[in-house]
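Working notes, structure below.
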Amino acid sequence: MEKNKSITHVILTGGVGSRLWPLSRKSQPKQYLEIFDGKSLFEMTVDRNSHLVDKVMVIGNIDNHHLSGKVMDKSNTEYLNVIETTPRNTAAAIAFAAFASNPDDILIITPSDHIIDQMENYNKAISEAVSKAEDGFIVTFGVIPTKPETGYGYIEAKGDKVISFREKPNETTAKEFIARGNFLWNSGMFCFKANVLLEELKQFQPDVYEKSKAVWESSENGLLDLNSSLEIPSISIDYAVMERSKKIKVVPASFSWSDLGSFESVYDYLVSKGHPVDNNGNMVIGSDKHTTFLGVKNTIFVYTDTANLILQKENSQDVKDIYSALEKINSDLLN
């Protein structure tokens, strides 16, 4: 008999995507850019889960919640809106989602800026996770890797048991992980009952638990108070709960997944969708103007109204350094 469960899709929308500057800005973070067949990553995230869940919750911030609202209106989706006045990392964001839910609600937590294909495998992974969550486990999704990627954290697994969480590796270590065959990409997606997550948070990070609870209880229409929010320690859910709890399970999933965190991954995705590249692998993003590349290979030309970026595809992880340098001088080019 089907248990009477309510499933909520919780969408985390923080983050600016600094490695995708100048496309991604504070005023238009990467999850809202409509560069994927006329849709944004955020809209694709809403669509992908709409048939799997009963409710939707958006954890936004003071700068981007109006952008989320536009997408939700466009897709005609009712949702609970939680607005952070200051970013406090994922432990607090996920705690707010759990406090805003009924204790037995099952929450599926996803970022808003990932790309996922092979929906049959995705749906299968979600339903497996939901059934483990019903049994009282906190489930993390580990994606079966296709290459020794250095931009992702990894989960060392044995079946559905987590042996360890690993930070982003260097190239040598990443190759070793792949060769060992039991390492998965850490997707940053989770599934659990609201009360189970809160019990674990209370045990391992009582400070985050108590302060998030106080902020949630004093919130009005989902808007969280700034001063009391600043008291919440800024800690990731991985560090706060996942790496310490004994209730963690992993679902090894074979859907295709990318966090589109760099121009290299955006390039690979756009190529797979038929975006034009020339004979030397050069690509233009953001402009339809005729552009000719001469004497260069694997170069990406990123065009925006106020700033352009020309980079070798292999250097795409270094874009965050440009972003940091602009941040130091408080540049308007980040807005």
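In whole Hz, what ³J(HN,Hα) sequence does segment 162-168 give by Karplus (6.51, -1.76, 1.60; θ = phi - 60°), x for Gly and Pro?
Result, ordered by residue: 8, 8, 7, 9, 10, 5, 4 Hz.
At R0 = 56 Å, how high is the FRET efficiency between Thr146 and Ser218 if r is their beta carbon distance? Nearest 0.05 is fine.
On the way: r = 46 Å, r/R0 = 0.81.
FRET efficiency, Thr146 to Ser218: 0.75.
Provide the net charge surrounding Ala129, with neighbours chosen by a C-beta distance below 14 Å and charges set as Lys +1, Arg +1, Asp -1, Glu -1.
Neighbour charge sum, excluding Ala129 itself: +2.
Where both partners of a DSSP beta bridge lie in the chain, what percent of those bridges are antiparallel, to the nearest 5? Please list the in-between numbers first.
Values: 27 of 53 bridges.
Antiparallel: roughly 50 percent of the beta bridges in the chain.
Which GluC sites (Glu not before Pro) does segment 31-85 hold that lie in a coil by DSSP with at most 11 other beta carbons within 10 Å?
Values: sites: Glu34, Glu43, Glu78, Glu84; in loops: Glu34, Glu78.
Sites meeting the loop and neighbour criteria: Glu78.
Which lysines have a Cα lying under 18 Å from the Cα of Lys168, excluding residues fewer than 8 positions away in the same chain?
The reachable lysines, counting only those whose Cα sits under 18 Å from Lys168, are Lys147, Lys320.
Select from Val56, Leu309, Thr150 the residue farthest towards the positive end of the dipole of the chain; place +1 on Cβ of Lys and Arg, -1 on Cβ of Asp and Glu, and compute about the Cα centre.
Toward the positive end, the furthest listed residue is Thr150.
Helix by helix, which DSSP H runs in the chain go 15 Å or more along their axis at the Cα atoms and have an average Kyte-Doolittle hydropathy of 0.5 or more?
Those that pass (Cα extent of 15 Å or more, hydropathy at least 0.5) are 89-99.
Please give the Cα centre distance for segment 113-134 versus segment 180-223, rounded to the nearest Å.
After rounding, the separation between the Cα centres reads 20 Å.
Evaluate the relative contact order of segment 153-201 (contact order divided by residue number), counting alpha-carbon pairs under 8 angstrom at least 6 apart; express in whole percent.
It rounds to 37 percent for segment 153-201.
How far apart, in nm, are the 7 Å Cα→Cβ label points at Gln317 and Ile62?
The answer from the label model is 3.5 nm.
Which residue, chosen from Ala98, Ile138, Thr172, occupies the Cα position most advanced towards the positive end of the dipole of segment 84-201, where the dipole is computed from +1 (Lys, Arg) and -1 (Asp, Glu) charges on Cβ about the Cα centre?
Final value for the positive-end residue is Thr172.
For the chain, modelled as a GNM with alpha-carbon contacts under 10 angstrom, which of Ser164, Ser101, Ser254 fluctuates the most?
Maximum fluctuation in the GNM of the chain, among the listed residues, is at Ser164.
Considering Cα pairs under 8 angstrom that are at least six residues apart, work out the relative contact order of segment 189-240 and quote it in whole percent. It would help to have the intermediate numbers written out before the result.
Details: 28 pairs, mean separation 16.0, N = 52.
Normalised by residue count, the contact order of segment 189-240 is 31 percent.
To make sure I understand the rule: partners must be lysines, Cα under 19 Å from the Cα of Lys70, and not fewer than 8 residues away in the same chain. Which ones qualify?
Lys26, Lys30, Lys39, Lys55
Quick one: pull the percent of accessible area on segment 177-320 belonging to carbon and sulfur, 1.4 Å probe, ligands and nucleic acids left out.
C and S fraction of accessible area: 48 percent.
Under a 1.4 Å probe, what is the accessible area of the chain per residue, stated in Å²?
Counting only protein heavy atoms, the per-residue value for the chain is 48 Å².
Would you calculate the separation in nanometres between label points at Asn195 and Thr291, each defined as 7 Å from the Cα along the Cα-to-beta-carbon direction?
5.5 nm
Express the C-alpha Rg of segment 142-202 as a ratio against the empirical globular expectation 2.2 N^0.38 Å, rounded to two decimals.
1.26
Quick one: net charge around Val82, please, counting Lys, Arg +1 and Asp, Glu -1 for every other residue with C-beta under 15 Å from its C-beta.
In short, -4.
Just add up the charged neighbours of Leu223: K/R +1, D/E -1, any other residue whose Cβ is under 15 Å from the Cβ of Leu223.
In short, -4.
What does a probe at Ile163 reach in segment 183-211, counting residues whose amide N is under 16 Å from the point 7 Å along Cα→Cβ?
183-186
So if each residue of separation counts as 0.36 nm, and I subtract the Cα-Cα distance between Asn76 and Glu171, what length gain in nm does that give?
29.8 nm
Out of these labelled values of volume of the Cα convex hull per residue in Å³, (i) 147; (ii) 177; (iii) 218, which was calculated from the coordinates shown here?
Answer label, from the structure shown: (i).
What number, rounded to the nearest 500 deg cm²/dmol, is the helix-based mean residue ellipticity at 222 nm of the chain, given -39500 (n - 2.57) per DSSP H run of at least four residues and division by all its residues?
Counting only the DSSP helices, I get -9000 deg cm²/dmol.
The values are calculated or read from the model by the stated rules, or taken from the named source; none is laboratory data. The shown structure was predicted, so the numbers you read here are calculated from the model rather than taken from an experiment. Neighbour counts run over all protein chains shown; Cβ positions are idealised from the backbone, glycine included. The protein model used for the area step is the full one, side chains on, heavy atoms only, and it has no ligands, DNA or RNA in it. Shrake-Rupley method; radii C 1.70, N 1.55, O 1.52, S 1.80 Å.
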